[in-house]
Amino acid sequence: MDGGSASEGYAIKGRGVVGNPRNRFESLGFEWDEDVPPDERPAPTTQFLDDATQTIIAYNSSPDIPYRASVNPYRGCEHGCSYCYARPFHEYLGFSAGIDFESKIMVKREAPKLLRSELSSSKWEPQLLAMSGVTDCYQPIERKLKLTRQCLEALYEFRNPVGMVTKNRLVTRDKDILSEMAKSRLCQVFLSINSLDSELAREMEPRTSSPRARLEALAELADAGIPTGVLIAPVVPGLNDHEIPGILKAAYEAGAVCAGHILLRLPFGVKDLFLDWARRSYPTKAEKIESRIRNTRDGKLDDARFGARMTGNGIFAEQIETLFRVNARKYKLDKAPPPVDVSKFRRPGGIQLGFDF
């Protein structure tokens, strides 16, 4: 690890957080000498490290998540979103949830091969496979490596449905595959947009596509016949909650057919990382933001309980829920995502499988 504490009082261009707080599983950490001022410390460069995992489909049993299986070609995410709930997963790799998460990216180069192998297994039960369940499958390195595209090719080959969420307009590169999958009801694509303010988006999500570019991507996918939705995530009380009506209106006009939202989650070390970001980026709003977050989490900064972690509780959480529900109905986005069809699943070289659902 190379960094120091979460709070250094300065920003790093193109990065969402500052420093590397100590890994909660490690007894040793790294701190910069106080004699080395922040502006003389080398800027962190992004490293891409091979991930030799032997499996690619991950499973979860959470009642809060609308899918059971997911595929993630990358661990860590160069998008650098300050609030990302996936940051603590990097600690299991011996890294920090801070700068390490967005600068040490684990690449699963064998992902497409592993996916074909696991879909070929008789143990695989055809079902919706989520991509970007943890980190964004269209983060910048995907433009070069094309692992997500190769995984999509495998899923289409097997006629297995996929659900995708991304903050990057790079998803439009793959509209040729997605449009073919859409003809057989094999895909859903959500663009994650939590603000229409380009300055706020750049501060909070430094290496993602701009809000305008995401809306353009949504429109391009919709025009290609691909079922699209918008996910307002995270909703940060006191910062972007007032933007819900505008985002839903813009998404509807771009062609979205459904919408969802998730309240900010701050598990483990993400609490300090996000609050440090808020104090640096929006010093006059930071106190209000923290207060509103606590008011939606029974005085805490996070609530890991199933049924509450995505929505919160209390008057401000209720106001956010009502604001979303009313406007989703107004713009006809208060529908479930278009259903996918698992009955078309097949194993190449064999016969199509039949299912009674």
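Of the residues contained in segment 205-228, one or more are found to be among the basic types (Lys, Arg) and within 30 Å of Asp51 (Cα to Cα). In segment 269-286, the condition of being free of Cβ contacts under 8 Å to residues at least 24 places away in the same chain and either in contact with a Phe, Trp or Tyr (Cβ under 8 Å, 6 or more places away or on another chain) or not aliphatic (A, V, I, L, M) (or both) is met by at least one residue. Is there a residue in segment 165-178 that is modelled with pLDDT of 95 or more, over 30 Å from Val18 (Cβ atoms), surrounded by fewer than 24 Cβ atoms within 10 Å (Cβ to Cβ) and among the hydrophobic types (A, V, I, L, M, F, W, C)? Within segment 165-178, one or more residues are modelled with pLDDT of 95 or more, over 30 Å from Val18 (Cβ atoms), surrounded by fewer than 24 Cβ atoms within 10 Å (Cβ to Cβ) and among the hydrophobic types (A, V, I, L, M, F, W, C). For residues that are among the aliphatic types (A, V, I, L, M) and surrounded by 24 or more Cβ atoms within 10 Å (Cβ to Cβ), scanning just segment 93-110, find the one that is farthest from Ser27 (Cα to Cα). Among those that are among the aliphatic types (A, V, I, L, M) and surrounded by 24 or more Cβ atoms within 10 Å (Cβ to Cβ), it is Ile99. Under the condition of being among the polar types (S, T, N, Q), assigned to a helix (DSSP H, G or I) and under 18 Å from the mean Cα position of the chain (by Cα), the residues counted in segment 139-151 number 1.
Residues are listed down the side, and each one gets a yes or a no for (1) at pLDDT 95 or above; (2) more than 28 Å from Phe345 (Cα to Cα); (3) in contact with a strand residue (DSSP E or B) (Cβ under 7 Å, 6 or more places away or on another chain); (4) of a type in the set (Gly, Ala, Ser):
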{"position": "Phe101", "(1), (2), (3), (4)": "yes, yes, no, no"}
{"position": "Ile105", "(1), (2), (3), (4)": "yes, yes, yes, no"}
{"position": "Ser121", "(1), (2), (3), (4)": "yes, no, no, yes"}
{"position": "Trp124", "(1), (2), (3), (4)": "yes, no, no, no"}
{"position": "Pro140", "(1), (2), (3), (4)": "yes, yes, no, no"}
{"position": "Leu147", "(1), (2), (3), (4)": "yes, no, no, no"}
{"position": "Asn160", "(1), (2), (3), (4)": "yes, no, yes, no"}
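Results for (1) touching a Cys at 6+ places or on another chain (Cβ under 9 Å); (2) of a type in the set (Ser, Thr, Tyr); (3) more than 30 Å from Leu301 (Cα to Cα), shown as yes or no for each residue.
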position	(1), (2), (3)
Val71	yes, no, no
Phe95	no, no, no
Val107	no, no, yes
Glu118	no, no, yes
Ser132	no, yes, no
Thr135	yes, yes, no
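Could you tell me which residue of segment 101-138 is farthest from Asn23 (Cα to Cα), considering only residues that are in a helix (DSSP H, G or I), within 17 Å of the chain's Cα centre (by Cα) and of a type outside the set (Gly, Ala, Ser)?
Residues of segment 101-138 that are in a helix (DSSP H, G or I), as a first pass: 101-103, 111-120.
Keeping just the survivors that are within 17 Å of the chain's Cα centre (by Cα) gives 101-103.
Remaining after also requiring of a type outside the set (Gly, Ala, Ser): 101-102.
Working: Phe101: 11, Glu102: 15 Å.
For segment 101-138, the residue satisfying everything is Glu102.
The values are calculated or read from the model by the stated rules, or taken from the named source; none is laboratory data. As the structure is a prediction and not an experimental result, all values here were calculated from the model. Heads up, the Cβs are rebuilt from the backbone with ideal geometry, glycines too, and the neighbour counts pull from every protein chain shown.
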